[in-house]
1. Which one is most open to solvent (accessible area, probe 1.4 Å), of the residues in region 7-35 that are in a loop (DSSP other than H, G, I, E, B), at negative phi and not polar (S, T, N, Q)?
2. Considering only residues that are open to solvent by less than 90 Å² (accessible area, probe 1.4 Å) and free of Cβ contacts under 8 Å to residues at least 12 places away in the same chain, which ones fall in region 53-63?
3. Name the pairs: first residue in region 31-51 and touching a residue at least 40 places away in the same chain (Cβ under 8 Å), second residue open to solvent by less than 50 Å² (accessible area, probe 1.4 Å), Cβ to Cβ under 6 Å, at least 6 apart or on different chains?
4. Name, by its number, the condition in (1) of a type outside the set (Val, Ile, Thr); (2) in contact with a Gly (Cβ under 7 Å, 6 or more places away or on another chain); (3) in contact (Cβ under 8 Å) with a residue 12 or more places away in the chain that does not hold for Ala14.
5. Go through region 36-52 and count every residue that is open to solvent by 40 Å² or more (accessible area, probe 1.4 Å) and outside any helix (DSSP H, G or I).
Amino acid sequence: MSPAPIFVPRDKAAEALGIGERTLEALVASGEAPPPRKISKGRVGWLWRELVEFAESRPVSDLRPGPGKQAPQDAQPAA
């Protein structure tokens, strides 16, 4: 098993967090998510450690797990 990467590109950072790249960019812009680091001229990436810390700092959700958001059964329209 290979060690965790030090830096990850935008697409892999978003994928690791389970969000889209635009959502990641919005979270960075709002100051909620860590910003990317300059790796070299014209290349940036996120520190894996900071992504993990960000994920672990998120509050516990009251949403049900699973694909998409579903309304409670009593909120479903009658057939």
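The values are calculated or read from the model by the stated rules, or taken from the named source; none is laboratory data. Keep in mind the model is a prediction, meaning the values are calculated, not measured. Backbone-built Cβ (ideal geometry, glycine too); neighbour counts: all protein chains shown. Only protein heavy atoms, including side chains, enter the accessible area calculation; ligands, DNA and RNA are left aside. Shrake-Rupley method; radii C 1.70, N 1.55, O 1.52, S 1.80 Å.
1. Keep residues of region 7-35 that are in a loop (DSSP other than H, G, I, E, B), which gives 9, 18-20, 30-35.
Imposing the further condition that a residue be at negative phi reduces the set to 9, 19-20, 30, 32-35.
From what is left, the residues that are not polar (S, T, N, Q) are 9, 19-20, 32-35.
Details: Pro9: 57, Ile19: 52, Gly20: 38, Glu32: 95, Ala33: 7, Pro34: 20, Pro35: 74 Å².
Selected residue: Glu32.
2. Going through region 53-63, the residues open to solvent by less than 90 Å² (accessible area, probe 1.4 Å) turn out to be 54-55, 57, 61.
Correct list: Ser57, Ser61.
3. Trp48/Val8; Leu51/Ala13
4. (3)
5. Taking region 36-52 first, the residues open to solvent by 40 Å² or more (accessible area, probe 1.4 Å) are 36-44, 48-49, 52.
Adding the requirement that they be outside any helix (DSSP H, G or I) leaves 36-44.
Residues that pass the stated criteria total 9.
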